[in-house]
Amino acid sequence: MSRCTLPGCTRPTQAAAGNGHSARYCKHHVEFHRRHGSYWFRSLTAAELEPHRKAARAWIRGNRDDFRISRAISSIEGLMQNAGPWENAYSIRGRPPKERANFALARLRKAGIDPAVILERILAVAMCCEARGIDERQREFRRVQMAKVVHRLASGTHKTTSGFPLPSKYPRSEGNVLRHLGRRLDDIAAFALDGRSIEELVA
Ligand SMILES: [Zn+2]
């Protein structure tokens with residue numbers, strides 16, 4: 001039986017086990033990759049991101065006049081404004097990933113999230129990846145992580161008309177919707193950074 005090609009994994013591939021299509025990876029690793037954007041790196045934690053988030057916020061505040069920062073913020077605003085109508089969680093089920101990426105952006109707009117806060121989060125992810133030694137070869141991971149942190153800004157609990165907070169009915173963030181959203185966010189982060197690292201600028 002064919003084994004998963006990842007070092008140290010002895011599980012059968014999906015194709016061999018008959019639980020999916022992959023002829024290279026096992027079911028566990030296919031699902032891990034779907035959620036985290038990498039076969040081996042776990043998602044960045046809030047605690048890990050925190051110091052980078054603070055540095056990014058200070059940097060954005062101190063450089064609001066820099067055209068790269070102001071253009072990045074207006075690009076994020078543009079994405080949110082042009083994302084189309086907001087729709088409730090039930091109606092987006094089963095829609096194509098590209099549309100669901102737009103719904104995620106429309107949700108941020110509806111929740112009144114400040115585009116500068118979005119920039120702060122995605123720059124924090126870029127910094128954190130750099131600090132972890134995650135390079136350009138793992139850009140899918142970086143993009144998925146950017147989409148996840150941004151997704152999290154507007155997918156918490158929401159109040160019902162009776163005033164009771166209910167857990168979000170939005171689907172768990174995973175899969176291709178994160179790749180679509182992440183690619184757009186990563187382009188904006190790259191523009192804001194313009195080849196520089198934030199550590200370089202803060203220092
Ligand atoms: Zn495996």
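For the range 1-76, the relative contact order works out to 15 percent when only alpha carbon pairs closer than 8 Å and six or more residues apart are counted. Excluding same-chain neighbours fewer than eight residues apart, the aspartates and glutamates reachable from LYS54 by a Cα-Cα span under 17 Å are ASP114, GLU120, GLU130, GLU199, GLU200.
Under the criterion of Cα pairs below 8 Å and six or more residues apart, the relative contact order for the chain equals 24 percent.
Loop-resident trypsin sites (Lys or Arg not before Pro) (DSSP state other than H, G, I, E or B) in the range 26-113 with no more than 11 further Cβ atoms inside 10 Å of their Cβ: ARG42, ARG64, ARG93.
For MET146, MET80, MET127, which order do you get if you count the other beta carbons within 10 Å of each Cβ and list the fewest first? The partial results should precede the final answer.
Working: MET146 29, MET80 19, MET127 23.
Taking fewest neighbouring Cβ atoms as first place, the list is MET80, MET127, MET146.
Near ARG3, the amide H atoms lying under 5 Å from its own belong to THR13; only residues 5 or more places off or on other chains count, and H is placed 1.01 Å from N. Cβ screening of the chain for cysteine pairs under 4.7 Å finds these without a partner: CYS128, CYS129.
Rounding to the nearest 10 and keeping the result within 0 to 90°, find how far the Cα-based axis of helix 67-81 lies from the longest principal axis of the chain. The angle comes out near 70 degrees. Across the range 10-24, computed HN-Hα scalar couplings (Karplus, 6.51 cos²θ - 1.76 cosθ + 1.60, θ = phi - 60°) run 10, 6, x, 5, 4, 4, 5, 7, x, 10, x, 9, 5, 9, 10 Hz from first to last residue, x flagging Gly and Pro.
Each value in this text was obtained by applying a stated rule to the coordinates, not by laboratory testing. Just so it is clear, the structure is predicted and the values come from calculations on it, not from any experiment. Positions of Cβ are generated from backbone atoms using ideal geometry, with glycine treated the same way; all protein chains shown enter the neighbour counts.
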